[in-house]
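Please treat every number below as a calculation from the coordinates, not as lab data. Because the structure is a prediction, the values reported are computed rather than measured. Note: ideal-geometry Cβ built from the backbone for every residue, glycine included; neighbour counts use all protein chains shown.
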Amino acid sequence: MPKLKRLTEYHKRAMELKYKGNSYQEIADFLNEKFKKSRKTKSGLSFTEQTIKDWFKESGTLCEDHRLYEEEMDEIHKETIDVIRKAGIQIREQNFRLANEMLIALMGSDNDSIKLAAIKELLNRVEGQPRQFLDVKKDEEGLLVYESIIRKIEQEKEEQEQTGKQE
């Protein structure tokens, strides 16, 4: 199909709807509803699912225009996401400062438990959470319990293999 010299409003809407992930049938239904007065045929439906598919296929009327539209929209979305990320970083930094100031203010509380909680929180933010040690149990040979279990399983396998070879 030849490339259009000028895109009509329904072509633009079809590209927008396809970009948003609508099916060809959904696009056809929308266009028939929205533009029913501008294009009439004997059947009453001027836009069919097959018509829309033909527009977007490799050599279709809208193939190249839609590719350019997608690239432009993707770039716009990328720029928007970058702006939102930068704003989010600023908001987090401002709130982080505010939270730290509030923790410092809480350290001046008359209540010792509030002071202690604020101090712990600040230390955790600066120094990181304290390490938590596991209570690891050992068997009578001094092996960790899971090592002992693995060793028993390996011994049982060896015994099964040896009995299998002897038979």
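Couple of notes before you dig in:
- 3J(HN,Hα) couplings calculated from phi for the range 146-162 with the Karplus curve 6.51 cos²θ - 1.76 cosθ + 1.60 (θ = phi - 60°) are, in sequence order, 5, 5, 4, 5, 4, 4, 5, 4, 4, 5, 5, 4, 4, 5, 5, 5, 5 Hz; Gly and Pro show x.
- Global form of the range 77-127, assessed from the alpha-carbon gyration tensor, a/c cut-off 1.5: prolate
- Note on the range 58-119: dipole from Cβ charges, positive end direction compared against Gln90, Ser59, Leu103; the farthest Cα belongs to Leu103.
- Unsatisfied cross-links (Cα-Cα over 24 Å) in the set Lys12/Lys86; Lys86/Lys115; Lys18/Lys78; Lys12/Lys78; Lys18/Lys86; Lys20/Lys53: Lys12/Lys86; Lys86/Lys115; Lys18/Lys86
- The string of couplings for the range 80-91 from the Karplus curve (6.51, -1.76, 1.60, θ = phi - 60°) is 4, 4, 4, 4, 5, 4, 4, 5, x, 5, 4, 4 Hz, one whole number per residue in order, with x for Gly and Pro.
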